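The values are calculated or read from the model by the stated rules, or taken from the named source; none is laboratory data. These numbers were taken from a predicted model, which means no experiment stands behind them. Quick reminder, even Gly has a Cβ in these numbers, built from the backbone with ideal geometry, and neighbours come from all protein chains shown.
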Amino acid sequence: MKEQILAVQRMQDYIEGYLEEDITLADLARASLFSPWHAHRLFRQYTGLTPADYIRRLRLSRSAQRLKAGNCRVLDVACDLGFGSVDGYQRAFLREFGCNPGEYARTKVPIPLFIPYGVKFRELRKEVSDVREVASVFVQLMRKPERKVILKRGVRAEDYFEYCEEVGCDVWGLLTSMDSLCGEPVCLWLPEEYKTPGTSTYVQGVEVETGDSGPVPEGFDVITLPTAEYLVFQGEPFREEDYCEAIIAVQNAADRYDPTLIGYRWDDSQPRIQLEPRGERGYIELRPVRPLGPEVRE
């Protein structure tokens, strides 16, 4: 991997670690191991933002996530994330998201949060991976209730990377700002029954209660999923740079799993579900199943 990309990643990691402190270009230059001028140029080249804009957008998005979690005063959030005044913070929030912090805290209207994708992961995708077997995959059965999914469709996407190319990666930020039954957005592979003509198999969305009457963002659809059972496959924690290998290893393990051993069979009428790959918890994927009928058990 090119040293320039690793330098930008080091700057991104530094910002993540010191987001609540003053961050100067000199700090980022030291993290990058380049001069301040060169560090600034590289950062803008690979992220599309100046360091100042990147930090501002990330701080505003993190402040929104704190407000969404509740029990936070606007004043405290503004001070913790380094905004000079509440008025300045409110103006910046309004410019970024189109509503003021208090309004968002009260209504949880969907807003386009900034998601700081690491630049090194774009390169890792291009590299050939030597997929290893995971030492263990935890499997458990869970039941999901009837629910709605507010989702954004792609065109032909069958996986995450194709979806991002068609729809853009900013959808995840909007979904993250919304309340969800499981506490986070989900990615789904839709069976034909839930697709509309000319749309993708792979989509992203949030699961909400069937009676939810919250706003649906423009360009999003709503589907209703019935109560269903899923086998949850969870791999071991992994280093962030190994995320591709972690996903493939768990998916390979799930492909080999025989649900008839526990009295179930795969249910192709319901969507597969993928959660955001996070190194600290391992990759998680849910595959729908249904009990074996008496004729199959015999």
Conditions (1) within 24 Å of LYS152 (Cα to Cα); (2) in contact with a Leu (Cβ under 8 Å, 6 or more places away or on another chain); (3) hydrophobic (A, V, I, L, M, F, W, C) -> LEU231 fails only (1)
Within segment 79-96, is there a residue that is in contact with a Gly (Cβ under 9 Å, 6 or more places away or on another chain), surrounded by fewer than 19 Cβ atoms within 10 Å (Cβ to Cβ) and over 30 Å from ASP212 (Cα atoms)? no
Checking TYR54, TYR46 in turn, the sole residue that is among the hydroxyl-bearing types (Ser, Thr, Tyr), over 30 Å from VAL109 (Cβ atoms) and in the same structural domain as GLU96 (by TED's automatic domain parsing) turns out to be TYR46
Is there a residue in segment 13-23 that is within 23 Å of the chain's Cα centre (by Cα), farther than 24 Å from GLY84 by Cβ and touching a residue at least 12 places away in the same chain (Cβ under 8 Å)?
-> yes
Given (1) at pLDDT below 90; (2) in a loop (DSSP other than H, G, I, E, B), CYS99 misses just (1)
Exactly one of VAL250, VAL222, VAL206 is surrounded by 16 or more Cβ atoms within 10 Å (Cβ to Cβ), of a type in the set (Val, Ile, Thr) and more than 17 Å from the chain's Cα centre (by Cα), and that one is VAL250
Of THR24, THR47, the only residue that is hydroxyl-bearing (Ser, Thr, Tyr) and under 19 Å from ASP170 (Cα atoms) is THR47
Counted residues in segment 150-174 being without any contact (Cβ under 8 Å) to a residue 40 or more places away in the chain and under 13 Å from the mean Cα position of the chain (by Cα) come to 4
Restricted to segment 56-78 and to residues being surrounded by 15 or more Cβ atoms within 10 Å (Cβ to Cβ) and basic (Lys, Arg), the residue farthest from the chain's Cα centre (by Cα) is ARG56
Flagged pairs (Cβ under 9 angstrom, 6 or more apart or on separate chains; first in segment 92-115, within 14 Å of ARG62 (Cβ to Cβ) and assigned by TED's automatic domain parsing to the domain that holds LEU60; second at pLDDT 90 or above and basic (Lys, Arg)) are ALA92/ARG56; ALA92/ARG59; GLU96/ARG56; GLU96/ARG57
Residues in segment 61-89 that are touching a Lys or Arg at 6+ places or on another chain (Cβ under 9 Å), touching a residue at least 40 places away in the same chain (Cβ under 8 Å) and assigned to a helix (DSSP H, G or I) total 2
Those residues of segment 274-291 which are of a type outside the set (Val, Ile, Thr) and within 18 Å of MET142 (Cβ to Cβ) amount to GLN274, LEU275, GLU276, ARG281, GLY282, TYR283, GLU285, LEU286, ARG287, PRO288, ARG290, PRO291
